[in-house]
Structures are given as structure tokens and as C-alpha cells.
Amino acid sequence: MKKTFLMTAFACALLSACSNSDKLIYKDANAPIEDRVEDLLGRMTLEEKIYQISQQCLGENDNINNNEGMNPVPLNPMIGSVIFMSEDIQVRNAFQKKAMEETRLGIPVIYGYDVIHGYRTVYPIPLAMACSWDPSLLEACTKVAAQEARQAGVDWVFAPMIDVAHDARWGRIAEGSGEDPYTAAQFAVAAVKGFQGDNLASYKQVASCLKHFVGYGASEAGRDYVYSEISDQTLWDTYLPPYETAVKAGAQTLMSAFNDISGVPASANSYTMNTVLRDMWGFDGFIVSDWGAVEQLVNQGNAANPAEAAVNALTAGVDMDMTDGVYIKNMEQLVADKKLDMKVIDEAVRRVLRVKFRLGLFENPYTPDVQEKDRILLASSKETALKAAEETMVLLKNTNSILPLEGVKRIALIGPMVKNLHDLLGSWLGHGHDEDVTTIQEAMDAAFPEATINYAQGCDFEGDDKAGFSEAVRAANASEVVVLCLGEKQAWSGENASRSTILLPQIQRDLLEAVAKTGKPVVLVLNNGRPLELSGMEPYTAAILEAWQPGISGGTPIAKVLNGSVNPSGKLCATFPYTSGQIPIYYNRRNPARPATQGFYQDVTVEPMYAFGYGLSYTTFEYGTLKLSAEKVAQNGKLKAEISVKNTGKRAGKETVHWYITDPACKITRPMKELRYFEKAELQPGETKVFTWEIDVQKDFSYVDSKGNHFVEPGDILVKVGDQEVKVVVE
């Protein structure tokens, strides 16, 4: 009897266990995400796991730098992710249907794409956005980009790029927020918030991807894909801070970088990806390699062959292999040969699945097919992009207040950029279309309806054909003022767009000189993706407007600045050197052993052409006295700094107050000054505003050592605004 009872109980327990094992927890939308992840992971074969941590392409390649190595193995519906290069939602849904219905477990694909500064409603390049000094503008723009991308079938965007860059020759400086870590961190958080929102599963939000982790902006001599020498302390004080801030803001994924960090490539760097990112910061999303970066570990001398590269990358923390097929082709054999632990693979799969569940892809794998007019280029979206572009314009020079052009009846509009469409979109233009862009000529015609505008192209962007110079000179002679529109082509910045000099081509400089010789004042309008060397051009100009690459708004914000309906408020987030030979040049460098002119170049000024934070306005601002709430503060204390700013001009204008600190003596030497806070506000004529900075000593006065440990030393700290500084003693 007892034996029969035991056998019956065992049978019941076995049936119960079988019943529970057949319950598909991963398909239960009400189950906790971690339970769903573990349930699905436990059901997967090795082959399914390997595909899940691999990425391929779907659609026609639109990146000229990556024409080779696309899908080296056949595209399989078990694939974890695709880079979705098509705009056709049906293409996306058809492949997703294969993944959901023709694979054993029905795991949805995550669709990624490079939405760097807009999907179809292209807003200004990130370098320009940082010159607005208003992160809320970037948040609004990335919110638009997220909505357009998600409703076009993209769940995941490879943005924001938050690499700190000190070398304007590096083409990818266009994609980031310039030279300052604090600035990059604030705009990174804004982008993450805009892309991801409060609900990743919404059809208006996408997962963000911080890139490139880490130190890619330090590439030697501004060249792409090369070695970077970065000390541990510099890694922590310059290159890691934007990532830490954005990870703690909730970024779901990161992308490993191409560069070699002091002998260990970023895509095989366990210290940065495992120790720092996961162990110290608690990141639980996944890391994708950059395009082909796993296989390129062989080129970098880190691995003898692709199989070894797969081991090095995965164990160091690269969870997903982008496009080169190295994981797919090698991983099963690596496991069989006991060269790769299944636990490492499982952890990578776990991280990928976690993000997919957070995106709601298991419940809603397909993108609703909504008409373009209801999701692309909405009127409100274009207005957001225009607003952003207006605030990115930086007025570099304005002799005798020649701008705005009021009462001018005859304007010469000259240059290769005047009728241009494509190059105003900038690098990484997403799915922006040329026909979406307003040309500078169209905008000037609308902004100056009472004026006669004499147009001449003058020359092309490069080359030596000066046949159009005579027409340009005639247009200048027939006008009161010359608006000369020069700059860089779209492909001259971005990936694989390093340049040995940041001078504009000689033909453009010659055109400037030719029209200036007419004696008519020249307003130089620049459209470019990096700081430029302007010392040889500036003497020929009465005014210079840095308009960057504004996106689909094109010439509209430029014309509105020129006619005065917009008061320029942008300030530089990256230093403009006097010559290319000064590079690298950046505001937050450390003090030299000898001050003044010793140790610097003897044949050129030590000062930049236009410094970090520089930018003019059509109004004037008067700063009051900088005040601190206390002369002494404890190491764990707080205090308040304030300064009044008055608009003393006749126009409303926006001013950005930059708050810096200097630590005159520290066990680890610190930069000459460090930006710690900024605020932008609009002031009406005669209005005064008190700008306030609430200082937390542990956060705002601290520095960091080579292990990432923050510390505050007792002693003097100087708080600085403009040319004022006030000392506070930290006890």
C-alpha cells in the first residue's frame, strides 16, 4: 500500500513537472521579463543561440564605407538582428513573419539602423546640436526621429554617438558633441530620453545605442579605424564620463569601437566592457560590435584568425556580431573544441533577449503599415527640426553690426552651396531625401521679398575651374552686400572622412578673395561638418555665420538669421584653431611646465581662432558680479553660485552661461578649467535674470583617478564665469 502510494505520488509529480516544462513562459506577456528570458534561453539549441547574437543586413546597403562583407553567410530567419536599410515596411514585416512562423521558437528579429540626426525629418548634425546649448532641443528632435523610425520598422537606432573629439581632422567629429566630456554627457542623456521615452514597447520609441565604446575620438592624427593611446586616467576623466552618465540614464545598448586602446582593441577589451560597464556601472543591456569589428581584430593583430577573434570579442563582452558572420561560422566548433564556455554564450543571448522583451517585440513583432503622410515629415516634426537649426547657428564675426541685413535692396548670393540640396543634409542623413530640403536661394527669396537678389555660383566645391568667377564679381558689383555660401560636401565628414587639413579647398578661398576685391562687404555663410581653419579667410569678411549642416530646414534658418527674424544664440562646442598645425587644440588642456609663450609653436599664435563657448548675438549682455553663498565648504557639502545677466541691447536674445571650475593644485594634475554646468535662457531687452548653479562638492568639484575612483582634496577651488572667478576653500 505504502509502495503504491509512493509510486502514485511520483507519477503525479512527474506529470506536474512535464506540464510546467511545456508551459511557454516566454510567450506569457504577464510574466516577469527575467522569467521569460530564462525560460526561452533554456529551450534554445546552440545554433539558435549563435544566430541570436549575430546581425546581418536586410535591404540595399546605403553606407559606402561598408560595401564589402555584407552577409558573408545566407540570411537566416533565426538571425537575432538585421540592419534594416529599406524604407519598405512590407519588406520588414515579411522577414519578421519568417522569423515568427518558420523558426522553431518564433523569436522576433530586432531591426536596427543608423538614425544619427533624424530618420526622414533630418535635423542638424550632432556637432551643431551641441552648439545650441539646449539639450531639450535634442530630446525633442530624437523623439521625432524615434517616432518616424519605429513606425517605419526600425526598433533600435545606432545613436547617439558620444565620442569626445579633440581633432577636427577626424570626420566623425560631426557626429558627436565636440571636445568636452560634460557637454557630451548632457546631450547623450537628452538623446537617450528622446529615443527611448518612458515605454520602450511604444510604437513611438526605439532602443538607443551609445557609440563608440570607447575612446574612438582619440584616434591618432584624426584617422579612422586606427590606434589610440589613452592612459587609464585619461580614459576615466575624458572618454568614459559621457557613457557612464548615459548608461545610468537607461541606455539599452552600446556599440564597441574600432580603435585599439593602448594595445587592447575596444572590441576585445574586457576591462572597459566587463569590468567598467557591467561590474562597476551595472549595465544589463547588450553590446553590438561596429561593422565587421570582430573580424577586424585579426587586422589589428589581436587575433590570429576569425575563430580566435570570435573568442576574444565574445569573452570581452561583445554580445552581438555585426555583419561579418564570424560568430555564425566559428562558434559551434569553438564550443565543441572547448575553446568557448557555453556560459559566455548564454549570457550574451540573455542580454539580447532582455532588450527584445523590453521593446515588446514578442507581443507586437510587426510594424503597422501606416501611410507615409501620417508618420513621416509631419508639420510638427519639421517645425521641431527648424527650431533646432535656428539655435545651432553660431555668429563668429559681425563687423560694425552689418548683420542683420536690414534695409538692403540688392544682395549678391554667391557660392556652390546656394542651390545645393544634398550637402545641407550632412553626413549620416538617414533616409533624408534631397527634395525635402529648402535651398539657401529659396529661403533668401522668401526672407528678402523686397530685395533684388543677384545669384552666381562662382565655382564648384573643389577643382580649379574659375570660369564662374567673372559672373560672381559682376553680381557683387551690382549689389550692396555679398552673401557668400561656402563649405564642405556632405561626404567630407562622417565615417572614413578624415582630412589632413581643415582648410576649405583653394578654389573656394580664391572665390572669397575675388568677390572681396570688389569692395563690397562680404557675409560668409559656412556649411560644414567640422571646425574649419578660417585665419586666411577672415580678413576678407565683414561677418561670418557658422551654419553647419542644418538638415531639411536647409537655408531657412540661415535666411532668418540674416534678415534678423532669428537672433543667433549658438556658441561653439569645439575649438576653431588658428591653423591646422595647432591641432589638437581644446579648451580643457592641462597646464604646461612653462607658462606664457614658451613651449608653444614659435611661428603662430598660441590662441585659437574661435574658442570653445564663443558665439556672438545681435544684442548685448552685461554680466553682474559672480557670487558664492560661502567662502568655505565641507568636502561633502553644498553651496550656491549665482550671477546676474542683463540684456542691454534692443533685441530679445538668448544667452548661455557656462560655469567652470579650476583646481590650482591636485595630486593628479587637472585641466586649466573644466565645464561643470551650463544654462541657456531668453532675455527681453532690459531684462535681468539671475543664473544659479547649485553645487554639490562631491559631484562638481571631484576628480577621478586611473581606477575610476572620485575624490575631493581640501584646498582652493576657483569657480569661473567668463572673465570672473571666485575662490572657495574646500575643508
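The values are calculated or read from the model by the stated rules, or taken from the named source; none is laboratory data. Treat the numbers as computed from the prediction; the structure is a model and nothing was measured. Glycine also receives a Cβ, built like all others from the backbone with ideal geometry; neighbour counts cover every protein chain displayed. Ligands, DNA and RNA are excluded from the accessible area calculation, which covers all protein heavy atoms including side chains. Shrake-Rupley method; radii C 1.70, N 1.55, O 1.52, S 1.80 Å.
When residues in the range 445-461 are screened for being open to solvent by 30 Å² or more (accessible area, probe 1.4 Å) and either among the aliphatic types (A, V, I, L, M) or in contact (Cβ under 8 Å) with a residue 60 or more places away in the chain (or both), 2 of them pass. When residue 284 is tested against (1) of a type outside the set (S, T, N, Q); (2) in contact with a Lys or Arg (Cβ under 7 Å, 6 or more places away or on another chain); (3) assigned to a helix (DSSP H, G or I), only condition (3) is not met. Going through the range 486-513 one residue at a time, which ones are over 30 Å from residue 216 (Cα atoms), touching a Lys or Arg at 6+ places or on another chain (Cβ under 8 Å) and open to solvent by 20 Å² or more (accessible area, probe 1.4 Å)? The one that is over 30 Å from residue 216 (Cα atoms), touching a Lys or Arg at 6+ places or on another chain (Cβ under 8 Å) and open to solvent by 20 Å² or more (accessible area, probe 1.4 Å): 510.
For the range 483-505, the set of residues classified as in a loop (DSSP other than H, G, I, E, B) and either at positive phi or hydrophobic (A, V, I, L, M, F, W, C) (or both) consists of 494, 496, 497, 502, 503, 504, listed by residue number.
Has the range 412-427 got at least one residue that is of a type outside the set (A, V, I, L, M), open to solvent by less than 30 Å² (accessible area, probe 1.4 Å), within 30 Å of residue 200 (Cα to Cα) and not in a helix (DSSP H, G or I)?
Within the range 412-427 (the criterion being of a type outside the set (A, V, I, L, M), open to solvent by less than 30 Å² (accessible area, probe 1.4 Å), within 30 Å of residue 200 (Cα to Cα) and not in a helix (DSSP H, G or I)), the answer is yes, since at least one residue qualifies.
Of the helices (runs of 4 or more DSSP H) contained entirely in the range 295-348, those carrying at least 1 residues that are β-branched (Val, Ile, Thr), within 21 Å of residue 274 (Cβ to Cβ) and touching a helix residue (DSSP H, G or I) at 6+ places or on another chain (Cβ under 9 Å) fall at 306-316, 326-336. Scanning the range 528-548 for residues that are under 13 Å from residue 608 (Cα atoms) and touching a helix residue (DSSP H, G or I) at 6+ places or on another chain (Cβ under 9 Å), we see that the one that is most open to solvent (accessible area, probe 1.4 Å) is 533. Of all residues in the range 241-257, count the ones that are surrounded by 24 or more Cβ atoms within 10 Å (Cβ to Cβ) and assigned to a loop (DSSP other than H, G, I, E, B). Of the residues in the range 241-257, 3 are surrounded by 24 or more Cβ atoms within 10 Å (Cβ to Cβ) and assigned to a loop (DSSP other than H, G, I, E, B).
With a requirement of 3 or more residues that are open to solvent by 10 Å² or more (accessible area, probe 1.4 Å) and out of contact with any Leu (no Cβ under 7 Å at 6 or more places or on another chain), the strands (runs of 3 or more DSSP E) lying completely within the range 625-731 that satisfy it span 638-647, 674-683, 688-696, 715-721.
Checking each residue in the range 97-136 for being outside any loop (DSSP other than H, G, I, E, B) and either touching a strand residue (DSSP E or B) at 6+ places or on another chain (Cβ under 8 Å) or surrounded by fewer than 21 Cβ atoms within 10 Å (Cβ to Cβ) (or both) picks out 97, 98, 100, 101, 110, 111, 112, 113, 126, 136. Say whether the condition of being closer than 18 Å to residue 394 by Cα, assigned to a loop (DSSP other than H, G, I, E, B) and open to solvent by 50 Å² or more (accessible area, probe 1.4 Å) is met by at least one residue in the range 592-600. Looking for residues that are closer than 18 Å to residue 394 by Cα, assigned to a loop (DSSP other than H, G, I, E, B) and open to solvent by 50 Å² or more (accessible area, probe 1.4 Å), one finds none in the range 592-600, hence no. Contact map, the range 307-322: first residue within 18 Å of residue 73 (Cβ to Cβ) and open to solvent by 10 Å² or more (accessible area, probe 1.4 Å), second residue assigned to a helix (DSSP H, G or I) and polar (S, T, N, Q), Cβ cut-off under 7 Å, separation 6 or more or different chains; pairs are 307/330. Exactly one residue out of 413, 424 is within 24 Å of residue 127 (Cβ to Cβ) and of a type outside the set (S, T, N, Q): that is 424.
Residue by residue through the range 608-623, note down the ones that are farther than 28 Å from residue 585 by Cβ and open to solvent by less than 20 Å² (accessible area, probe 1.4 Å). Residue satisfying the conditions is 619 alone. Residues in the range 208-243 that are over 19 Å from residue 530 (Cα atoms) and under 15 Å from the mean Cα position of the chain (by Cα): 208, 209, 210, 213, 214, 239, 240, 241, 242, 243. Among residues belonging to the range 554-567 that are open to solvent by less than 10 Å² (accessible area, probe 1.4 Å) and either touching a Ser or Thr at 6+ places or on another chain (Cβ under 9 Å) or of a type in the set (S, T, N, Q) (or both), point out the one that is farthest from residue 620 (Cα to Cα). Applying the filter and picking the extreme gives 554. Only a single criterion out of (1) in contact (Cβ under 8 Å) with a residue 40 or more places away in the chain; (2) under 23 Å from residue 124 (Cβ atoms); (3) assigned to a loop (DSSP other than H, G, I, E, B); (4) not aromatic (Phe, Trp, Tyr) is not satisfied by residue 442, namely (3). Of the residues making up the range 381-400, at least one is touching a residue at least 40 places away in the same chain (Cβ under 8 Å) and more than 29 Å from residue 450 (Cα to Cα).
Residues in the range 40-58 that are open to solvent by 30 Å² or more (accessible area, probe 1.4 Å) and charged (D, E, K, R): 43, 47. If residue 212 satisfies all but one of (1) farther than 22 Å from residue 359 by Cα; (2) in a loop (DSSP other than H, G, I, E, B), what's the number of the condition it fails? In the conditions (1) farther than 22 Å from residue 359 by Cα; (2) in a loop (DSSP other than H, G, I, E, B), residue 212 misses (2) alone. Considering (1) open to solvent by less than 20 Å² (accessible area, probe 1.4 Å); (2) in contact with a Ser or Thr (Cβ under 6 Å, 6 or more places away or on another chain), the lone condition that residue 218 does not fulfil carries the number (1). If you filter the range 354-412 down to residues that are over 27 Å from the mean Cα position of the chain (by Cα) and small (Gly, Ala, Ser), you find that the one that is modelled with the lowest pLDDT is 407. On the given criteria, is residue 272 in contact (Cβ under 8 Å) with a residue 60 or more places away in the chain and either polar (S, T, N, Q) or over 24 Å from residue 499 (Cβ atoms) (or both)? Taking the combined requirement at face value, the residue does not satisfy it.
Within the range 138-165, the only residue that satisfies the criterion of being of a type in the set (Gly, Ala, Ser) and open to solvent by 10 Å² or more (accessible area, probe 1.4 Å) is 140.
Per-residue answers, yes or no, for (1) of a type in the set (Gly, Ala, Ser); (2) out of contact with any His (no Cβ under 6 Å at 6 or more places or on another chain); (3) closer than 30 Å to residue 482 by Cβ:
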| position | (1), (2), (3) |
| --- | --- |
| 336 | yes, yes, no |
| 344 | no, yes, no |
| 349 | no, yes, no |
| 362 | no, yes, no |
| 378 | no, yes, no |
| 388 | yes, yes, yes |
| 396 | no, yes, yes |
